[in-house]
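Asker: Supplied in C-alpha cells, the structure appears directly below.
The values are calculated or read from the model by the stated rules, or taken from the named source; none is laboratory data. Note that the coordinates shown come from a computational prediction; the quantities given were computed from them, not determined experimentally. Cβ placement follows ideal geometry from the backbone for every residue including glycine, while neighbour counts extend to all protein chains displayed.
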C-alpha cells in the first residue's frame, strides 16, 4: 500500500476538491448543528429551554416501543422493496438491451415513474386503490364478481401495498442504471463468449454480472439509503397506519420533527438513521468487493 | 420460426411494461379532464364530456395571486437547470478522479462524500432556515439552489464513478502517447465514452430537484416557490381537489419527459468497439 | 484553469448573497416603505374567504396585503419555524383552536379589540382564543362537529331524523341503512389522520358528558366508565363503516359523502357546502341533525359536541402590530363576516348572522348547524396535545381492528399519556 503521495495523486485530487469543498461548506454547519442538538433537549414549542442531556435522547429512542416497531416495519419494507427492485430492474434492463422495433420508445416510457413526485404518486395510487370506489377494485369485481374487492390498506395489506407502489416508482431507476452499465460492456466480450459456445446463464454469470458489479453496488446502496428514510409514500397512503402497520422510520422522524417539534430528539433519530445507512453501505461494499484485489 | 417467437415475446413484454407504467397515469389524466360530478360518479365513468376547467383553474384561477403557475414554473425550471449544471460539473470531475485515477485515500474520500449525503434532509431544514434568514437567502432562488447542489453532488458522484470505472483501462495512456495532456484526455476521450452514464445521472438528478418538496416548503414563501409546493395546495379544507391533482401530475411530468427524450439520445449506443485494440 | 473558474463562481455566489442581504436591509430601514401585511391561511374555503377580506381591507386602507394559502400542516410548520426564530413575517398569525397553547407565547395580546366586534362574537368562540385574561386572537372562521346525513336514504328506510337524539338511536339507524353489498355504508369518518380520528372520538365522548382531561389538566379520564361506554359506541359505529375506513382521511370522508358511499357521519360544519354542492351526484340530498346527540342516560346539561376553527392573532415580533390588530378586528366584524358567509361560504363567528335573511337563503341548513353546535366545547388545550392525539389514535386503532379490547386500549392510552405528562 503506497503511503507517499505522488504527483499523479495530487493531480487527481485537483478534480475532487471542488466538489468536496462545496459540500463541506454547505453541509458542514447543518451537520454539526444536528449532531450537537441531538445531545440536547430542545423543542421549538412548549418548553423551549435548551438543556444538555447527553445520551438521553439516544437511550430513549432505543427503548421506545413505537420507535422499535418502526425499525421492524422499516426493515421489512427495505428488504422487500430493494429485493424486488433489483430483480425487476435487472430483468427489465436486460430486456431493453435487446434490439427490437420500438425499443427506444419503451426505454423512455419505462423511465416515467421515476420522474414523478412521490407525493403525487402516493395520492394517485391511493385513489386507484380506494377500497370502495377505486378503479382497481372496480376492475377486479367486474372480472371476478362482487365480494372480491381487495382491502388494499387493511392491517395485513397496507405494507404490501406501499411496497408495491415503491417498487412501481423506483424500479425504473435500477433499470436505468443497469441498462447504462450494460451499454458499457464491450461487445467483443459478449461475442467472444458466443464464439466459445456459452449459453445465456453462463454469459450472465461470468461476464455480465461481474462487469456490472460496480453499477449494481451503487444501485443497491442508493435504494437502501432512500428507502431507509422513505416518508411520502406511507405517510400519504396510510399515515403510518392502520395501527402502525406502516409506521416506517421516516414517518417517526417526520412526526418528531414537524408534528411535535422535538428538535433535539429528532436530531438523535436522524443520526441513528445516518449510522444505520452507513452500516448498510459498508456491508454491501465489503460483500461486493470481496475477492477483488 | 425463432424470429417470430422472438418478436412476439418482445411485443408482449413491451406491452406489459408500457401498461404497468401508463395505465395509472392514464387514469390520472382522465380525472384531470372530468368535472367534479363525473369524478364522484359511481360506477366510474369511462365515457364522459371532458372539461378543461381543471387546467383552466390552475392557469387562470390561482389561489394566491403571488403563486401563479407561470411564476412557479419559471422558478422550478431555473432552479433545476442551474442545479443540474453545477452539480453535474462538480460531480463529473470528482467521479472521474475517484473512479479512474484512484489516488491514495480515495476510498476514504468516497465514503466521506457518501456519508455527507446520508443525512436526511429533514435534519438540515431547521439549521438552514435559521442561517438563511440571517444572511437573507430565505425565499430566494439561490437559497434553494445551494442546498440542492449539495444534495445532488454525492448522488451524482457515486452514480458516475461506476460508469467511469467501466471504461477500458488504457485509453489515457494511449492518449498520452499521442501527446494529450491529462485534462485533454479527460475531455476529449473519456467524457464522451461516459456519456450514457452522464445522461442517466442527469435524468435522476433532474428528477430529484424537480420533485423535491422537503426543502422548498420551509425555505420559501412566495418568491421562490417551486411546482411541488404549488401542487400541494390541492389539499384544501373542503377536501382534495381531485381534478386539479390529476392536472398537476400531467403538467409536472411534461418538462421531465422533454428533458428525458433529450438526454436519452446519449443513452443509446454502447461503447464503440475498436477504441482499444486487444 | 479549473480553479479559476471555480473561484469565479464562488465570488459570483458570494456577491449575490451580499446583494440579497443588502436588499433586505434596505427594505427594513425605509420608514416610508408602503405598509404591508403578510399572512398564511389554510387552502380552500378559509383561504378564499380570508384573501377576499384582505383584498377589501387593502383597497380601503391603502395597504399591501400578501395572503398565501397552504395546506393546514404546512401553515403550521411555516409559522412555527418563523415564530421560533423571531421573524416578523407573517404579521398576522393563523391560529387553529388547538394551537393556542402552543402559539400564545408568540402572540401579542390584543389591546385594541373593537368593543362592537367583541360584543357580537359568539361567546364560546371568543373564549377559545383567550388565555389567562388576555385575548390572543379573534375567531374568524369557526364551526363545530355535527351529524350530517342523507335525507333520501333515511326517508326510504322510514327513519325520522328528529328521533335520533341519542347515540344509541343513531347506532340503530346506521345499522339499518348499512348496505355493504351495494357499497353504501351507514357510517363514515376521517380515521387516518391523528386530528380527525381524535375529533371523531372526542365528539362521542363529550356526548356522554366526559372530557379527556380534568379541569386543571393533571389527570386523564380514559378509565372512566363513561369513557368505556363512549369508546364502545365508537367501535360499534365504526363496524358499520367501510372495511377500508382506517385508511380514510378527511378527504376520503368528504368524497364518500359526495359519491354516495356513506349515509351518516360526524363532519365539521363548514364542509356542508362542499358536500352538498351542485353538480355532484347527490347534491341537495344532505341535511344536518339540529342537535348534538347524547349518550343514553346522560344529563343533557353535561353533554356537548366540539367546536373548532380558526382565529387570527398578532405576531409578537412584527413591526406592524397596530395595523395587524386593525385587520383582525375588520375580519371579525359583522359586515365582513356577513360578506364572507354569503360570498365565500365562510362559517360565521357572529351570532346575529345566523338570523340574517340573506345568509339563510344561501345556506338553508345554517340554522340547524347553529343549534347543533350551540353546546360545544373546544378540544383539550394542552401544549402536548399533538402527541396525545398520536398515542390515542395508535391505541384506539388497535381496538378498532380487534387486536386489543376496549379496556386494554384505553388503559394503554392512560399509561401513554401519563408518561407524557411526566416527561
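Asker: With the structure loaded, tell me whether residue B:76 is more than 10 Å from every other protein chain (Cβ to nearest Cβ), closer than 29 Å to residue A:104 by Cβ and in a helix (DSSP H, G or I) or whether it fails that test.
Answerer: Values: more than 10 Å from every other protein chain (Cβ to nearest Cβ): yes; closer than 29 Å to residue A:104 by Cβ: yes; in a helix (DSSP H, G or I): yes.
For residue B:76, the condition - more than 10 Å from every other protein chain (Cβ to nearest Cβ), closer than 29 Å to residue A:104 by Cβ and in a helix (DSSP H, G or I) - is met.
Asker: A further question on this structure: For the subset of segment C:59-71 comprising residues that are in contact with a helix residue (DSSP H, G or I) (Cβ under 9 Å, 6 or more places away or on another chain) and more than 15 Å from residue B:237 (Cα to Cα), which member is surrounded by the most Cβ atoms within 10 Å (Cβ to Cβ)? I'd like the intermediate steps shown before the answer.
Answerer: Pass one, segment C:59-71, residues in contact with a helix residue (DSSP H, G or I) (Cβ under 9 Å, 6 or more places away or on another chain): C:60-61, C:63-71.
Imposing the further condition that a residue be more than 15 Å from residue B:237 (Cα to Cα) reduces the set to C:60-61, C:63-67.
Details: C:60: 9, C:61: 14, C:63: 17, C:64: 11, C:65: 22, C:66: 19, C:67: 25.
Here the answer is C:67.
Asker: What is the number of the single condition among (1) free of Cβ contacts under 8 Å to residues at least 40 places away in the same chain; (2) within 14 Å of chain A (Cβ to nearest Cβ) that residue C:382 does not meet?
Answerer: Failed condition: (1).
Asker: Of the residues B:152, B:133, which is farther than 24 Å from residue B:191 by Cβ and assigned to a helix (DSSP H, G or I)?
Answerer: Checking each option against the conditions leaves just B:133.
Asker: A follow-up question, please. Yes or no: segment A:20-34 includes at least one residue that is more than 26 Å from residue A:266 (Cβ to Cβ), modelled with pLDDT under 90 and crowded, with 16+ Cβ neighbours inside 10 Å. Reasoning before the result, please.
Answerer: Initially, segment A:20-34 is screened for residues more than 26 Å from residue A:266 (Cβ to Cβ), giving A:20-22.
So of that shortlist, the ones also modelled with pLDDT under 90 come out as A:20-22.
Narrowing the set further to residues that are crowded, with 16+ Cβ neighbours inside 10 Å leaves A:20, A:22.
Yes: segment A:20-34 contains one or more residues that are more than 26 Å from residue A:266 (Cβ to Cβ), modelled with pLDDT under 90 and crowded, with 16+ Cβ neighbours inside 10 Å.
The rows are residues; the columns are (1) touching a residue at least 12 places away in the same chain (Cβ under 8 Å); (2) at negative phi; (3) touching a strand residue (DSSP E or B) at 6+ places or on another chain (Cβ under 7 Å).
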position: B:70; (1), (2), (3): no, yes, no
position: B:78; (1), (2), (3): yes, yes, no
position: B:87; (1), (2), (3): yes, yes, no
position: B:90; (1), (2), (3): yes, yes, no
position: B:102; (1), (2), (3): no, no, no
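Asker: Can you report the number of residues in segment C:277-298 which are in contact (Cβ under 8 Å) with a residue 24 or more places away in the chain and farther than 22 Å from residue C:237 by Cβ?
Answerer: Within segment C:277-298, residues that are in contact (Cβ under 8 Å) with a residue 24 or more places away in the chain and farther than 22 Å from residue C:237 by Cβ number 0.
Asker: Testing residue C:165 on (1) surrounded by fewer than 17 Cβ atoms within 10 Å (Cβ to Cβ); (2) within 17 Å of residue C:286 (Cα to Cα), one condition comes back false. Which one is that?
Answerer: Every condition holds for residue C:165 apart from (2).
Asker: Residues that are buried (at least 22 other Cβ atoms within 10 Å of the Cβ) and more than 9 Å from chain B (Cβ to nearest Cβ), at least 1 per element: which helices (runs of 4 or more DSSP H) completely within segment A:174-293 meet that? Lay out the reasoning, then the answer.
Answerer: On the way: elements: A:187-195, A:200-203, A:209-228, A:232-238, A:249-254, A:263-289.
Correct list: A:209-228, A:232-238, A:249-254, A:263-289.
Asker: Quickly run through segment B:109-154 and pick out the residues that are farther than 16 Å from residue A:24 by Cβ and within 7 Å of another protein chain (Cβ to nearest Cβ). Write out each step before concluding.
Answerer: Quick first cut of segment B:109-154, residues farther than 16 Å from residue A:24 by Cβ only: B:120-123, B:125-126, B:129-130, B:132-145, B:148.
Scanning segment B:109-154 gives B:120, B:122, B:123, B:126, B:129, B:130, B:133, B:135, B:136, B:137, B:140, B:142.
Asker: Take segment B:52-68 and flag every residue that is in contact (Cβ under 8 Å) with a residue 60 or more places away in the chain and more than 10 Å from every other protein chain (Cβ to nearest Cβ).
Answerer: B:53, B:54, B:55, B:57, B:58
Asker: Would you mind finding the one in C:391, C:353, C:342 that is farther than 18 Å from residue C:269 by Cβ and assigned to a helix (DSSP H, G or I)?
Answerer: Working: C:353 fails: farther than 18 Å from residue C:269 by Cβ; C:342 fails: farther than 18 Å from residue C:269 by Cβ.
Matching residue, one of C:391, C:353, C:342: C:391.
Asker: Okay, moving on. Can you confirm whether segment B:60-76 contains a residue that is modelled with pLDDT of 90 or more and exposed (fewer than 15 other Cβ atoms within 10 Å of the Cβ)?
Answerer: The answer is yes; a qualifying residue exists.
Asker: Next question. Take segment C:49-75 and flag every residue that is within 12 Å of chain B (Cβ to nearest Cβ), farther than 26 Å from residue C:194 by Cβ and part of a helix (DSSP H, G or I). Please lay out each step first, then the result.
Answerer: Applying the first criterion (within 12 Å of chain B (Cβ to nearest Cβ)) to segment C:49-75 yields C:49-52, C:54-55, C:58, C:64-75.
Narrowing the set further to residues that are farther than 26 Å from residue C:194 by Cβ leaves C:51-52, C:54-55, C:58, C:64-67.
Across segment C:49-75, the qualifying residues are C:51, C:52, C:54, C:55, C:58.
Asker: Do any helices (runs of 4 or more DSSP H) entirely within segment C:76-136 hold 2 or more residues that are away from chain A (no Cβ under 12 Å) and surrounded by fewer than 22 Cβ atoms within 10 Å (Cβ to Cβ), and if so, which? Give the steps one after another, and end with the answer.
Answerer: Numbers: elements: C:100-103, C:115-120, C:123-128.
Fully inside segment C:76-136 and qualifying: C:115-120, C:123-128.
Asker: Same structure again: If only one of C:186, C:207, C:190 is crowded, with 21+ Cβ neighbours inside 10 Å, within 23 Å of residue C:285 (Cα to Cα) and under 23 Å from the mean Cα position of the chain (by Cα), which one is it? Step through it out loud before you land on a result.
Answerer: Working: C:186 fails: under 23 Å from the mean Cα position of the chain (by Cα); C:207 fails: within 23 Å of residue C:285 (Cα to Cα).
Only one candidate qualifies: C:190.
Asker: Continuing with this model, one more query. Of the residues in segment B:1-34, how many are at pLDDT 90 or above and in a loop (DSSP other than H, G, I, E, B)?
Answerer: 2
Asker: I would also like to ask the following. Would you check if there is a residue in segment C:289-300 being at pLDDT 90 or above, within 14 Å of chain B (Cβ to nearest Cβ) and in contact with a strand residue (DSSP E or B) (Cβ under 8 Å, 6 or more places away or on another chain)?
Answerer: So far as segment C:289-300 goes, no, none of its residues is at pLDDT 90 or above, within 14 Å of chain B (Cβ to nearest Cβ) and in contact with a strand residue (DSSP E or B) (Cβ under 8 Å, 6 or more places away or on another chain).
Asker: Here's another thing I want to ask about it. Consider segment A:21-36. How many of its residues are at the interface with chain B (Cβ under 7 Å from one of its Cβ atoms) and under 14 Å from residue B:157 (Cβ atoms)?
Answerer: At the first step, the residues of segment A:21-36 found to be at the interface with chain B (Cβ under 7 Å from one of its Cβ atoms) are A:22-23, A:26-27, A:29-31, A:33-34.
This time we only want the ones that are under 14 Å from residue B:157 (Cβ atoms), so: A:22-23, A:27.
Of the residues in segment A:21-36, 3 are at the interface with chain B (Cβ under 7 Å from one of its Cβ atoms) and under 14 Å from residue B:157 (Cβ atoms).
Asker: Also, quick follow-up: Is it the case that residue C:38 is touching a strand residue (DSSP E or B) at 6+ places or on another chain (Cβ under 6 Å), more than 22 Å from residue C:143 (Cα to Cα) and modelled with pLDDT of 90 or more? Break it down into steps so the answer makes sense when it comes.
Answerer: Values: touching a strand residue (DSSP E or B) at 6+ places or on another chain (Cβ under 6 Å): yes; more than 22 Å from residue C:143 (Cα to Cα): yes; modelled with pLDDT of 90 or more: yes.
Criteria met by residue C:38.
Asker: In this structure, does residue C:285 turn out to be within 14 Å of chain A (Cβ to nearest Cβ), under 20 Å from residue C:362 (Cβ atoms) and in contact with a helix residue (DSSP H, G or I) (Cβ under 7 Å, 6 or more places away or on another chain)?
Answerer: Details: within 14 Å of chain A (Cβ to nearest Cβ): no; under 20 Å from residue C:362 (Cβ atoms): yes; in contact with a helix residue (DSSP H, G or I) (Cβ under 7 Å, 6 or more places away or on another chain): yes.
So residue C:285 does not fit the description; no.
Asker: What number goes with the only condition from (1) over 21 Å from residue C:145 (Cβ atoms); (2) buried (at least 19 other Cβ atoms within 10 Å of the Cβ) that residue C:363 does not pass?
Answerer: Checking residue C:363 against (1) over 21 Å from residue C:145 (Cβ atoms); (2) buried (at least 19 other Cβ atoms within 10 Å of the Cβ), the one that fails is (1).
Asker: Now for a separate question. Go through segment C:243-277 and give me each residue that's outside any helix (DSSP H, G or I) and at the interface with another protein chain (Cβ under 8 Å from one of its Cβ atoms). Reasoning before the result, please.
Answerer: Start the filter on segment C:243-277 by keeping residues that are outside any helix (DSSP H, G or I), which leaves C:243-244, C:248-249, C:259-268, C:276-277.
Matches in segment C:243-277: C:243, C:244, C:249, C:259, C:260, C:261, C:277.
Asker: Could we say that residue B:87 is at pLDDT 85 or above and within 9 Å of chain A (Cβ to nearest Cβ) here?
Answerer: Details: at pLDDT 85 or above: yes; within 9 Å of chain A (Cβ to nearest Cβ): yes.
Taking the combined requirement at face value, the residue satisfies it.
Asker: For residue B:183, state whether it is in contact with a helix residue (DSSP H, G or I) (Cβ under 7 Å, 6 or more places away or on another chain) and farther than 19 Å from residue B:71 by Cβ. Reasoning before the result, please.
Answerer: Values: in contact with a helix residue (DSSP H, G or I) (Cβ under 7 Å, 6 or more places away or on another chain): no; farther than 19 Å from residue B:71 by Cβ: yes.
No; evaluated as a whole, the condition is false for this residue.
Asker: Can you tell which of B:28, B:40 is under 30 Å from residue C:46 (Cα atoms), within 8 Å of chain A (Cβ to nearest Cβ) and crowded, with 20+ Cβ neighbours inside 10 Å?
Answerer: Within the list B:28, B:40, the selection yields B:28.
Asker: Quick check on my filter: what residues within segment B:175-215 are in a loop (DSSP other than H, G, I, E, B) and under 30 Å from residue A:116 (Cβ atoms)? Reasoning before the result, please.
Answerer: Quick first cut of segment B:175-215, residues in a loop (DSSP other than H, G, I, E, B) only: B:178-181, B:194, B:212-215.
Listed by number, the residues that qualify are B:194, B:212, B:213, B:214, B:215.
Asker: Considering B:236, B:220, B:201, which residue is surrounded by 18 or more Cβ atoms within 10 Å (Cβ to Cβ), more than 14 Å from chain C (Cβ to nearest Cβ) and either at pLDDT 85 or above or within 15 Å of the chain's Cα centre (by Cα) (or both)? Walk me through it before giving the result.
Answerer: Details: B:236 fails: more than 14 Å from chain C (Cβ to nearest Cβ); B:220 fails: more than 14 Å from chain C (Cβ to nearest Cβ).
None of the other options fit; the residue is B:201.
Asker: Right, something else. Pick from C:236, C:232: which is closer than 17 Å to residue C:177 by Cα and away from chain A (no Cβ under 14 Å)? Step through it out loud before you land on a result.
Answerer: On the way: C:232 fails: closer than 17 Å to residue C:177 by Cα.
Criteria check complete, one pass: C:236.
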